[in-house]
Amino acid sequence: MCGITGLFRVSLPTDQVEVMAMNDCLKHRGPDGYGVKMFDKGGIGHRRLSIIDLSTGAQPICNEDESIWITFNGEIYNYAYLREQLKAAGHQFKTNSDTEVIVHGYEQWGFDVVKKMRGMFAFAIVDLKKQIVFASRDHFGIKPFYYLKTNETFAFASEMQAFNKTNDFVKTIDMQAIDQYLWLQYIPAPKTIWKDVFKLKPAHYFVYHFDGRMEEPVSYWDIDFSKKQNKTREEWMEQCEEVINNSVKAHLVSDVPFGAFLSGGIDSTLVVSYMSKLLKEPVKTFSIGFEEETYNELGYAKLAAEKFGTEHHVEIVKPDALAILSQLVKHYGEPFGDSSAIPTYYVSQLARK
């Protein structure tokens with residue numbers, strides 16, 4: 001999990017101190033490194049959590065002539081394949097990171113680079129020749145991307161709290177967003193709690209011009225249910241087996257240790273079962289339990305851990321929602337009514353240890 005930030009203005013100067021302050025706001029997302037790059041019209045920042053290419057993958061990263069810069073949060077699972085394609089097309093790489101693949105991919109394929117990427121991502125590319133910012137979010141919206149747009153200012157970040165560090169963020173509540181929250185228990189994209197702040201929808205990209213124009217977000221992918229599929233049960237099972245195996249395998253790309261959250265339910269148990277087949281060493285799994293038996297799933301998690309021989313880590317927690325509420329509010333930045341945020345916070349803490 002990394003953090004990305006950016007701030008651009010049409011006529012007023014953008015102070016590097018503002019961009020650095022926005023960037024520092026996201027230190028918890030990227031404790032391993034940081035970087036800021038300033039341009040005539042603004043600047044971008046990055047907080048890094050090192051996953052791939054630990055030594056040379058610092059951001060922002062640019063192309064050979066420094067006309068294209070990127071700040072990127074996420075992981076591109078097919079980056080090695082894309083890298084070979086780009087090298088065959090004549091592109092030269094100075095790092096082994098998946099981030100640089102996006103830079104050269106943009107040079108080669110333009111906006112269509114997002115159609116070739118498989119992964120979870122949110123990024124912004126600054127193209128100095130075209131005087132634009134090209135920003136995109138992954139197919140399912142795994143990685144967050146918020147942006148602030150007024151007549152004068154364009155800013156983006158992985159978390160809304162970063163906008164508090166700009167000099168011209170006016171907090172005006174969007175009452176339609178409140179209505180959506182009371183109906184759905186969350187605020188769906190593109191709205192947020194604030195009138196001038198938006199979420200980029202999953203599987204979308206947009207272009208911001210340095211003169212202040214912003215093009216409408218474009219959908220680059222969607223699920224297609226129109227195709228008629230006449231398959232037998234056995235054929236469907238075989239295809240499911242192949243798809244799940246390939247998906248889990250693709251996620252096992254990392255230069256640092258990784259593991260899995262294990263509740264003992266169908267989803268997490270299925271993922272761990274495939275991980276155990278694909279990895280030579282035992283899978284590291286993490287579970288939290290509660291003293292109230294009604295909510296305690298540790299028994300199911302233990303069965304799954306024993307079944308697949310995982311290196312299992314367990315912790316009994318006494319959740320204090322009021323104690324961690326300020327942290328959750330800080331990171332979500334707006335009303336969010338799903339109580340799963342609380343156990344997710346605790347199991348993430350366990351894994352971090």
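The values are calculated or read from the model by the stated rules, or taken from the named source; none is laboratory data. In this text the structure is predicted, and so the values were computed from the model without any measurement. Neighbour counts run over all protein chains shown; Cβ positions are idealised from the backbone, glycine included. Side chains included, ligands, DNA and RNA excluded: accessible areas come from the protein's heavy atoms. Shrake-Rupley method; radii C 1.70, N 1.55, O 1.52, S 1.80 Å.
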What residue, of A162, A157, A203, A135, is open to solvent by less than 20 Å² (accessible area, probe 1.4 Å) and touching a His at 6+ places or on another chain (Cβ under 6 Å)?
A203
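Consider L322 carefully, then state whether it is closer than 20 Å to E291 by Cα, in contact with a His (Cβ under 8 Å, 6 or more places away or on another chain), in a helix (DSSP H, G or I) and not acidic (D, E). Talk me through it step by step, then tell me what you get.
Values: closer than 20 Å to E291 by Cα: yes; in contact with a His (Cβ under 8 Å, 6 or more places away or on another chain): no; in a helix (DSSP H, G or I): yes; not acidic (D, E): yes.
Here the answer is no, as L322 does not meet what is asked.
Which of the helices (runs of 4 or more DSSP H) found entirely inside the range 211-319 contain at least 2 residues meeting this: hydrophobic (A, V, I, L, M, F, W, C) and over 26 Å from the mean Cα position of the chain (by Cα)?
Details: elements: 233-251, 266-278, 298-308.
Per the criteria, 233-251, 298-308.
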Y181 is checked against (1) open to solvent by 40 Å² or more (accessible area, probe 1.4 Å); (2) of a type in the set (S, T, Y); (3) assigned to a helix (DSSP H, G or I); (4) under 22 Å from A301 (Cα atoms) and fails just one. What number does that condition carry?
(4)
Those residues of the range 218-261 which are closer than 23 Å to K284 by Cα and of a type in the set (G, A, S) amount to S247, A250, S254, G259, A260
Any chance E238 is open to solvent by 50 Å² or more (accessible area, probe 1.4 Å), more than 30 Å from H313 (Cβ to Cβ) and free of Cβ contacts under 8 Å to residues at least 24 places away in the same chain:
yes
Determine whether the range 225-232 contains at least one residue that is closer than 28 Å to Y300 by Cα and surrounded by 10 or more Cβ atoms within 10 Å (Cβ to Cβ).
no
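Scan the range 165-176 residue by residue and report those that are buried (at least 17 other Cβ atoms within 10 Å of the Cβ) and in a loop (DSSP other than H, G, I, E, B).
Let us first name the residues in the range 165-176 that are buried (at least 17 other Cβ atoms within 10 Å of the Cβ), namely 165-166, 169, 174.
Correct list: T166, F169, D174.
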Are there any pairs, at least 6 apart or on different chains, whose C-beta atoms fall under 8 Å, with the first in the range 1-26 and among the acidic types (D, E) and the second surrounded by fewer than 17 Cβ atoms within 10 Å (Cβ to Cβ), and if so, which?
D15/N167; E18/N167
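Residue-wise test of (1) open to solvent by less than 40 Å² (accessible area, probe 1.4 Å); (2) farther than 26 Å from I342 by Cβ; (3) in contact (Cβ under 8 Å) with a residue 40 or more places away in the chain.
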| position | (1), (2), (3) |
| --- | --- |
| L262 | yes, no, yes |
| Y274 | yes, yes, no |
| K277 | no, yes, no |
| T285 | yes, no, no |
| N296 | yes, no, no |
| A301 | yes, no, no |
